[in-house]
Amino acid sequence: MQDFLTFEKFITQDILIVSYYLGVLFLPIVFWIYRKKVTFIISKTKLSILLYLFIAILFGELIWRMMFEAMIGYFDMHNYLQILVQQTLKR
């Protein structure tokens, strides 16, 4: 517990993966709710609104995925560096 409180042990990948999947499910709902606020920018045809919504969801999901991959990579790098430091100190 002391390692967790002093930030020597970070959040596990499992929590990040659960957060990722919750966001994947929640993100399209958010785009669907806020779709009416953007209709003044594009033409008001139903096809153009649905096309915008599809593209926004697609890019939103892509950015969401890249953000979590970067965080997982950071935490993996931190763990590997901690292992290297411990191995170096044992010598």
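Which peptide among 45-51, 55-61 comes first, and what is the full order, when sorted by highest mean count of other Cβ atoms within 10 Å?
Ranked from most to least packed, the peptides come out as 55-61, 45-51.
What's the exposure ranking of D76, D14, going from fewest to most Cβ atoms within 10 Å?
Fewest-to-most Cβ neighbours within 10 Å comes out as D14, D76.
Assuming R0 = 25 Å, can you tell me the calculated FRET efficiency for the pair H78 and I55, based on Cβ-Cβ distance, to the nearest 0.05?
So the FRET efficiency works out to roughly 0.10.
Using the count of nearby Cβ atoms within 10 Å as a rough guide to exposure, how do K36, K90 rank from fewest to most?
Least to most surrounded, the residues fall as K90, K36.
Each value in this text was obtained by applying a stated rule to the coordinates, not by laboratory testing. Since we're looking at a predicted model, the values are computed, not measured. Because the Cβ atoms are built from the backbone with ideal geometry, glycine has one as well, and the counts that use them run over all protein chains shown.
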